[in-house]
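Q: Below is the structure I would like to discuss, written out as C-alpha cells.
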C-alpha cells in the first residue's frame, strides 16, 4: 500500500474537511459548529493519499517558534495501517524545515500511546475539548 503524504493545495481543503466531519462529527459526535475554527484559514493543511484519494488529514498552526498540530484524522477503514504515523511525521518534518524547535498537540486520551510512539510526551492535566478528554503533548525537534 503506497501512501503519499503532502501539503494540500487550496482546492483540496474541502476533501480534508469532509474527512474531519466523518471522523469528528459523525463518529465522535463533536458538535458541528466546533469542528471548523478560525485557524483553518491560517493553518497549513496536509493530506494522506492512497490511489490519488485523500484518506487522512491534519494541520499545523505556527505560533512563534512552535508548531501546533491538530485535526489529525484518518478514515476508519484505513486506520491501523501506519497512515496516521506517516501523516504526523510528515507534519513534524515540515515544522523542522521551517526551523521550529518544538511541536505540540492536544491528544484524545485514547490516542496518547499513538503520539508517544511518534516521540511526543504528555504535558499537563486533562482538559475538555468538544466534550472529549484531552492532554497536551509536546515534542522537541
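The values are calculated or read from the model by the stated rules, or taken from the named source; none is laboratory data. Since the model is a prediction, treat every value here as computed from it, not as a measurement. So basically every Cβ, Gly included, is an ideal-geometry build from the backbone, and we count neighbours across all protein chains shown.
Q: For region 97-111, enumerate the residues that are assigned to a helix (DSSP H, G or I) and either surrounded by 15 or more Cβ atoms within 10 Å (Cβ to Cβ) or touching a strand residue (DSSP E or B) at 6+ places or on another chain (Cβ under 6 Å) (or both).
A: Answer for region 97-111, where residues must be assigned to a helix (DSSP H, G or I) and either surrounded by 15 or more Cβ atoms within 10 Å (Cβ to Cβ) or touching a strand residue (DSSP E or B) at 6+ places or on another chain (Cβ under 6 Å) (or both): 109, 111.
Conditions tested, residue by residue: (1) over 22 Å from residue 137 (Cα atoms); (2) over 14 Å from the mean Cα position of the chain (by Cα); (3) assigned to a loop (DSSP other than H, G, I, E, B).
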position	(1), (2), (3)
4	yes, yes, no
16	yes, no, no
30	no, yes, yes
73	no, no, no
80	no, yes, yes
85	no, no, no
89	no, no, no
95	no, no, no
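Q: Please indicate, with yes or no, whether at least one residue in region 50-69 is in a helix (DSSP H, G or I) and either in contact with a helix residue (DSSP H, G or I) (Cβ under 8 Å, 6 or more places away or on another chain) or over 25 Å from residue 128 (Cβ atoms) (or both).
A: So far as region 50-69 goes, no, none of its residues is in a helix (DSSP H, G or I) and either in contact with a helix residue (DSSP H, G or I) (Cβ under 8 Å, 6 or more places away or on another chain) or over 25 Å from residue 128 (Cβ atoms) (or both).
Q: I need a count of the residues in region 63-75 that are over 18 Å from residue 89 (Cβ atoms) and free of Cβ contacts under 8 Å to residues at least 40 places away in the same chain.
A: Qualifying residue count, region 63-75: 3.
Q: Of the residues that make up region 117-127, is at least one surrounded by 15 or more Cβ atoms within 10 Å (Cβ to Cβ), within 16 Å of the chain's Cα centre (by Cα), closer than 16 Å to residue 47 by Cβ and at pLDDT 95 or above?
A: Checked region 117-127: no residue is surrounded by 15 or more Cβ atoms within 10 Å (Cβ to Cβ), within 16 Å of the chain's Cα centre (by Cα), closer than 16 Å to residue 47 by Cβ and at pLDDT 95 or above.
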